[in-house]
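The values are calculated or read from the model by the stated rules, or taken from the named source; none is laboratory data. Everything numeric here is computed off the predicted structure, so don't read it as measured data. Quick reminder, even Gly has a Cβ in these numbers, built from the backbone with ideal geometry, and neighbours come from all protein chains shown. Heavy atoms of the whole protein, side chains included, go into the accessibility calculation; ligands, DNA and RNA do not. Shrake-Rupley method; radii C 1.70, N 1.55, O 1.52, S 1.80 Å.
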Amino acid sequence: MLLNSDSTRAVFFDLGHTLLRFDGDFDEVVERSYLVLAEALARAGYPMQPRDFATRFHDVIEDYFQTRDIDLIERPVEDFIAAVAAEFGVANLPLTVTDSAMKEMYAVTEVHWKFDPTAPPVLQELQRRGMKLGIITNAANAANANRLIDRNGLREYFDVIVISAEERIRKPDARIYARALERMQLPAASALMVGDSLTADVWGAQNAGLRAVWIKRELPFTKNYGGTTTPNAVITSLAELPLLPLF
C-alpha cells in the first residue's frame, strides 16, 4: 500500500542493514569478536581462558538480546562484560580495561559494515528536495555506532542521529521516535521512517505516528515479527525511495 503525501519534510533511516550492509558471515564474525574481547581481557592480566569466557559471554549476551526485544530497554554492554568477568573471579573490572577490550571486539565487526553504494545519491536527492534527514538506530554500544557512522562518512548527511544505547530505549518503543521528532522539531505526520525490520522500523514508526517504508533485505538472521504490519511502501533497494509517491 502506498500513501500519497505532500507533507513529508523529514526522512529517518535505520542504520544496520539499511544504510549499511554487512559483508561476510554475520554469525561467524560476531563469534570471532567475542573471542577477541576475551583475549584482550586476558592480555590485560586477568586470569581466564579466552574460549571459555567467549562462550559464556555469548550465552549471557544472547539472553540479554532476547530480554531487550521484550522490554525495549537498552542496557550497557560493559555491564554484561563485568558480570561475566565476575563469574570468572574478576571483581570490579576497571572501566578503562572494559572500554579498551570492547573497542577491540567491535573493531572485528566494524570492518564488515559498508555504506550501501545506492545510499549517497538517494540522500543527496532528498536533501536537494529540502528534506531533513535523520538516523534512528538500535545499537548496543553508542561508541560502536558512532564509529560506524563516521568511518562510512554518514554524519554529513544527517541533521539528527538517535542511538538507542544513548537513549536507553529501543525501537519499536514510540518514545525513541518521539525524541527524534522533538530534536528535528517536526510533527510525526510530516516524517517517514525507512528500515529493514517490520517490527522496529515499520510497526514502531507507524505506532508513533510516522509513515514507514520497509526495505526488504534477504537476511536469514533478521527477525521480523510484523505479522499484521502493513508498510506504507516496500522497496528492495534504497534507489527506489525517491521514486515513491510519498513526498
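Figures for the structure shown
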read-out: Segment 197-216: number of residues that are surrounded by fewer than 19 Cβ atoms within 10 Å (Cβ to Cβ) and not β-branched (Val, Ile, Thr); value: 3
read-out: Of all residues in segment 44-80 being modelled with pLDDT under 95 and of a type in the set (Lys, Arg), the one that is surrounded by the most Cβ atoms within 10 Å (Cβ to Cβ); value: ARG68
read-out: Members of segment 100-129 found to be part of a helix (DSSP H, G or I), β-branched (Val, Ile, Thr) and more than 16 Å from the chain's Cα centre (by Cα), listed by number; value: VAL108, VAL122
read-out: Tabulated pairs, segment 167-195, first more than 14 Å from GLY134 (Cβ to Cβ) and in contact (Cβ under 8 Å) with a residue 12 or more places away in the chain, second assigned to a helix (DSSP H, G or I) and open to solvent by 50 Å² or more (accessible area, probe 1.4 Å), C-beta under 7 angstrom, 6+ apart or interchain; value: ILE169/ARG175; PRO172/TRP203; PRO172/ASN207; ALA174/ASN207
read-out: Residues of segment 174-184 that turn out to be open to solvent by 20 Å² or more (accessible area, probe 1.4 Å) and of a type in the set (A, V, I, L, M), as a count; value: 2
read-out: Flag if PRO187 is open to solvent by 50 Å² or more (accessible area, probe 1.4 Å) and not charged (D, E, K, R); value: yes
read-out: Answer residue from segment 130-146, given it is in a strand (DSSP E or B) and open to solvent by less than 10 Å² (accessible area, probe 1.4 Å) and is nearest to ALA208 (Cα to Cα) among those; value: ILE136
read-out: Subset tally (residues that are farther than 13 Å from ALA119 by Cα, surrounded by fewer than 17 Cβ atoms within 10 Å (Cβ to Cβ) and in contact (Cβ under 8 Å) with a residue 12 or more places away in the chain) for segment 147-166; value: 4
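To keep it simple, each residue is scored yes or no on (1) at pLDDT below 95; (2) closer than 30 Å to LEU181 by Cβ; (3) not aliphatic (A, V, I, L, M).
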{"position": "SER100", "(1), (2), (3)": "no, no, yes"}
{"position": "ALA107", "(1), (2), (3)": "no, no, no"}
{"position": "PRO120", "(1), (2), (3)": "no, yes, yes"}
{"position": "GLU125", "(1), (2), (3)": "no, yes, yes"}
